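One structure is given below, encoded as C-alpha cells.
Laboratory data are not the source of any read-out in this text; all were calculated from the coordinates shown. The shown structure was predicted, so the numbers you read here are calculated from the model rather than taken from an experiment. Cβ sites come from the backbone with ideal geometry, for glycine too, and all protein chains shown count toward neighbours.
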Amino acid sequence: MSRTLQAPVTVAFDYTRSVGPVLGRFFTGLQERRIVGARLSDGRVVAPPPEFDPVTHAPTTDFVDLGDTGTVTSWTWVSEPVAGQPFDRPFAFALVTPEGATEPMLHALDVASPEEVATGLRVRARWAEEPKGGITDLVCWEPAASGPDAPRSGAADRAVGGTEDAGVTGIVTPVSLDYTYAASPEESSFFRALAEGRIIGQRCPACGKVYVPPRPACPVDGVPTEEEVELSDTGTVTTFCVVNVPFLGQRITPPYVSAYVLLDGADIAIQHLILDIPAEEVRMGLRVRAVWKPRAEWGTTIENISHFAPTGEPDADYETYQHHL
Amino acid sequence: MAKIPAAVIGVGQTHYRAKREDVSMAGLCREAMDRALEDAGLGLDEVDAIVVGKAPDLFEGVMMPELYLAEALGAAGKPLLRVHTAGSVGGSTAIVAASLVQAGVHRKVLTVSFEKQSESNAMWALSVPVPFVMPVHAGAGGYFAPHVRSYIRRSGAPTHIGAMVAAKDRTNALRNPYAHLREEKTVEQVLSSTMLWDPIRYDETCPSSDGACALVIASDDVAQGSADPAWIHGTVMRSEPTTAAERDQVNPQAGRDAAAALWKQAGITDPAAEIDAAEIYVPFSWFEPMWLENLGFADEGEGWRLTEAGETGIDGRIPVNCSGGVLSSNPIGASGMIRFGEAALQVRGAAGDHQVDGVRRALGHAYGGGSQFFSMWVLGVDRPAN
C-alpha cells in the first residue's frame, strides 16, 4: 500500500483577457484576414505589435498592414502533438517573417513531414473560415506553392459585427491544470482511519499539543509528531460563520454553518458543517457529535462525517475553548 | 550596518474600477508607472531596477507575469524581480524595492503591483476543493468571518462597530478620485445590507477591483533633490504558519512582532500619538479594530473603542484609511502598495481632498494569506538620522 493517498484534481477556468488598444488592433486585423504589425522607433517592423516601443517605451502607434505571405526563418518539428496545440497530427512550429515585416513571428506551419520544411521556405497564411477573434483566426502557415487556394485576404465584405468600431477588445484563455494530489503520509493515515470510523491525531513530543489531522511535523517545534492519539467524535464549536453567499465551484448549497470544531482530546480545531440545528441557534461553545454517513458510503475522506450535530449537553465553558479563538 | 536613507519620490495610481476592459495588464501597469515617474520627474530609462508584485497566480491565471510583462514595463536590460506574499504582496513588493535602495544596490527603483480581478474569479480561486477535505471553504470572507466572530466575543465589542468602519471608509472614498466605490454610506445602511458570511455583511466587504499602483523609491542623494520626499523611517515583514495549535488569528504573533520592530526602527514609542495618518489593510470592516490592537494603537480588546469614538475618522486622533481603504478599492495584488503609497501621499501633503492636516509620519500596512504575512512601513517628512 502506498504511504500516500492520491486523487486526481482538475483546476480549470476560462480567464478573460482585455487585450488593450494595440493588441486589439492586431486581433481585429486577424478577424479581417490582415496581419497588423507596427513600425518601431528603431525602424523594425514587428507583428504582433508590442504594446509599448521597446526603445522609447511610448505606446505603439505606427501600424502597418503586412502581407499574408512570408518566409520561414527557423522551425522545429512537433512529432507528438499534445492537447491544445494547433494540430493533432505532427506539424512544425515556425518563425515566419511576413512580407513587409523585418522580424519573424511564431505560429504553426502545416506540412506533413520535416522534409517539407526548410529555412527560406515561402509560406502563406491559412485563414479560419469563421473568425472568432483570436490568434487562431490565423489557423497556420502553409507552403505558398502547394495546396488548394484558401480564402485570401481582402475579404472585406464579410461582416465583422457590421460596424466600424466593433474591434476585438478581449479574448478568452481557458486554463486547465490536471494533477495528482497526494496527501502526506500522516494525513493519509488519518483519512484511512476515517474509513474505519476512527479519528486519529498525533501528539508533538516537544509541546505536547495534539494535532488533527496529524502532519509531518509540529508547525511550532518543527519535530515529527509520531505518537498517535485516538480522538473522540464529540467536540465543541469554537467559532464559525454562516455562509449565505453562492459562488462558482461551491459544493454545499448555502446557507450553511462552517464551523471550527475542537474535538475532545485535540489541541487544534477542524473545519466542518453544523446541521440539525437552525443556523441562528449555532453558538460558540455548542457541544456537537459527528454524524457519520452510512458505513457503505465510507471512503478515505473526512466526508464520511456528514456533519456535526448538537449533543444536547450544556454548552462548554468559555475557558475551555478561549485559547482557540 | 547602517542603511542608506531612502524616500518615496513618486506615486502613481490608476483609477480603480470593477472592470478596466480598455487596457491589458501591461497597459494597466504602465498607467500607474507613468504617473509615478511623472510625479518623480524621471523617465523610465533613468530607473535602475523594477520590482513587480501581484496576487497568487490562480487569481488571474498568469504564471510568471514578470516574464510576460518585462518589455512593456521597460525592464529589458535591467534587474526585474517579482515578489509573492499573497494579499500583503503590494506592501512586501514596496519593501523589497526600498531595501534595494537602502542597501546601496540601486539609486532609483520603480515598483509596481497590479490586479485585474475582472479577468478571473478570486472567490473560486480561493475555494478550489482539496481531495479528502471537507469542502466548507468559501473564499476570503468565509475564511475570516469566524475570526471576526472570535474578535467580537473576545473584545465584547458592540456589533455595530464593523458597520461604523464601513460607513467611514466608504464615505472617505468620496474624497478620493481614484477610489472604486464612491458612495456615501450610513451605519444604518451598512447594517441593513445582506449578511454574506455571518457576521460579515455585504457593505462590510471589499469590492473586486481592477487597478495598479506604482512607487518610485530613491536613495539619499536623489531624494534630496526632490521637492517633497517621503522618507522611509522603518520597514518590516513577518510571517507565521497558517495553522498551529492555539494560533491566535485575531491578534497574530507575526503582526504584533512586526509592529513592535517597526516602531523601534522608526523611533516611535507611542504610535497613537506619533503616527498622524494610517493606511491599514482592512478588507473586512472588523479588521480596523483588530489591527489597531495588533499594531499597538490600542490595548488588546480596546481597538473598537477608538473606532466607536470617531478617533479613526479623518479629523480623529488616528485617521485610518482616509483614502477609503481596501473597503473602497481592492485590486488585491496592488492593495498593499496602495496603502504604502497613500501613506507617502499623506506625508508629502499630496493626498488632495483626503489629506490629513499636518502629517509628519504615516503608516502603510498590509497583510495576507490566513493573516500570516505582514508588511508595514513608516514614512516621515524628516530625513532619517540614519
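Taking 0.36 nm per residue of sequence separation and removing the Cα-Cα distance, the residue B:57/residue B:257 pair yields an extension gain of 69.1 nm. Its residue count N sets the reference 2.2 N^0.38 Å, and the alpha-carbon radius of gyration of region A:183-324 equals 1.07 times that reference. Relative to its Kirkwood radius, the Cα radius of gyration of chain B gives an Rg/Rh of 0.94.
Evaluate peptide A:247-255: per residue, the Cβ atoms of other protein chains within 10 Å of its Cβ; return the mean as an integer.
Numbers: counts 10, 5, 9, 8, 6, 4, 0, 3, 3.
For this peptide, the per-residue mean of nearby foreign Cβ atoms is 5.
Take the Cα of residue A:180, step 7 Å along the line toward its Cβ, and report every residue of region B:130-145 whose backbone nitrogen sits under 20 Å from that point. Of the residues in region B:130-145, B:130-133 have backbone N under 20 Å from the label point off residue A:180.
Using the Cα centre of chain A as the reference point, and only Cβ charges (+1 on K/R, -1 on D/E), how large is the resulting charge dipole? Debye, rounded to the nearest 20. Kindly include the intermediate steps, with their values, before the conclusion.
Working: 25 positive and 44 negative charges, 62 e Å.
With only Lys, Arg, Asp and Glu charged at Cβ, the dipole is about 300 debye.
Computed over chain A, the P(r) tail beyond 28 angstrom holds 61 percent of alpha carbon pairs. Report the calculated FRET efficiency for residue B:160 and residue B:130 (r = Cβ-Cβ distance, R0 = 41 Å), to the nearest 0.05. My answer for the efficiency is 0.65.
Where does chain B land at 222 nm, in deg cm²/dmol rounded to the nearest 500, when only DSSP H runs of n ≥ 4 count, each adding -39500 (n - 2.57), divided by all residues? Kindly include the intermediate steps, with their values, before the conclusion.
Numbers: 15 runs with 133 residues, N = 386.
Result for chain B: -9500 deg cm²/dmol, rounded to the nearest 500.
Within the set of other residues whose C-beta is less than 14 Å from the C-beta of residue A:204, count the net charge using Lys and Arg as +1 and Asp and Glu as -1. Once positives and negatives cancel, what remains is -3.
Suppose R0 equals 22 Å; then what is the FRET efficiency for residue A:112 and residue A:135 from their Cβ-Cβ distance, rounded to the nearest 0.05? Walk me through the intermediate numbers first.
Working: r = 23 Å, r/R0 = 1.05.
Step by step, r from the Cβ atoms, then E = 0.45.
Approximating the spin labels as points 7 Å out from Cα along Cα→Cβ, the residue A:103-to-residue A:206 distance works out to 5.3 nm.
Does region A:172-264 classify as rounded, prolate or oblate by the C-alpha gyration tensor (a ≥ b ≥ c root eigenvalues; a/c under 1.5 gives rounded; else a/b over b/c gives prolate, otherwise oblate)? Could the numbers behind the result be given before it?
Values: a/c = 2.11, a/b = 1.41, b/c = 1.50.
It comes out oblate by the Cα gyration axes.
Highest mean first, what order results for A:168-181, B:208-221, A:230-243, B:79-92 on Cβ atoms within 10 Å?
On the way: A:168-181: 13.9, B:208-221: 26.8, A:230-243: 21.9, B:79-92: 23.9.
Answer by packing, highest mean first, reads B:208-221, B:79-92, A:230-243, A:168-181.
Taking every residue in B:238-246 and counting other chain Cβ atoms within 10 Å of its Cβ, the average works out to 5.
Taking each residue of B:110-122 in turn, how many C-beta atoms of other protein chains fall within 10 Å of its C-beta, and what is the average? Shielding by partners across B:110-122 averages 2.
Compactness ratio for region B:189-329: Cα radius of gyration over 2.2 N^0.38 Å (N = residue count) comes to 1.19. As a length-normalised measure over Cα pairs under 8 Å and 6 or more apart, the relative contact order of chain B settles at 26 percent.
Other residues within the sphere of radius under 15 Å centred on the Cβ of residue B:45, judged by their own Cβ, net out at -3 (K and R +1, D and E -1). Using only the alpha-carbon atoms, how far is helix A:20-31 inclined from the longest principal axis of chain A? Give it as 0 to 90 degrees, nearest 10. Value to nearest ten degrees: 60. Taking a straight Cα-Cα cut-off under 29 Å and skipping sequence neighbours fewer than 8 places away in the same chain, the lysines within cross-link reach of residue B:78 are B:3, B:54, B:108, B:116.
Going by a ≥ b ≥ c, the root eigenvalues of the Cα gyration tensor, does region B:130-181 fall in the rounded group (a/c under 1.5), the prolate group (a/b larger than b/c) or the oblate group? Present the calculation step by step, with values, prior to reporting the outcome.
Numbers: a/c = 5.19, a/b = 1.49, b/c = 3.49.
It comes out oblate by the Cα gyration axes.
Its relative contact order, with pairs defined as Cα atoms under 8 Å and 6+ residues apart, puts chain A at 15 percent. Among residues other than residue B:302 with Cβ under 14 Å from its Cβ, the summed charge is -3 (Lys and Arg +1, Asp and Glu -1).
Which percent, to the nearest 5, of DSSP beta bridges fully inside region A:15-174 are antiparallel?
Values: 32 of 33 bridges.
Here the antiparallel bridges make up roughly 95 percent for region A:15-174.
Over the protein assembly as shown, the ratio between the Cα radius of gyration and 2.2 N^0.38 Å evaluates to 1.06. Here the contact order of region B:330-371, divided by its residue count and restricted to Cα pairs under 8 Å and six or more residues apart, works out to 45 percent. If you plug the beta carbon distance of residue B:221 and residue B:350 into 1/(1 + (r/R0)^6) with R0 = 22 Å, you get a FRET efficiency near 0.50. Under 1.5 on a/c is rounded, so check that first for region B:147-256, then, if it is not, pick prolate when a/b is larger than b/c and oblate when it is not; a ≥ b ≥ c are the square roots of the alpha carbon gyration tensor eigenvalues. Cα axes put region B:147-256 in the oblate bin.
With all pairs of separate Cα atoms included, region B:259-370 yields a Kirkwood hydrodynamic radius of 13.9 Å. What is the helix-to-structure angle for A:185-194, meaning the angle in degrees between its Cα long axis and the longest Cα principal axis of chain A, kept from 0 to 90 and rounded to the nearest 10? Relative to chain A, helix A:185-194 is tipped by roughly 60 degrees.
Please arrange A:187, B:288 by counting, for each residue, the other beta carbons lying within 10 Å of its beta carbon, fewest first. Kindly include the intermediate steps, with their values, before the conclusion.
Numbers: A:187 19, B:288 28.
By the 10 Å Cβ count, ascending, the order reads A:187, B:288.
When region A:183-324 is described by a simple charge dipole with +1 on each Lys and Arg Cβ and -1 on each Asp and Glu Cβ, the residue from A:245, A:278, A:204 located farthest towards its positive end is A:245.
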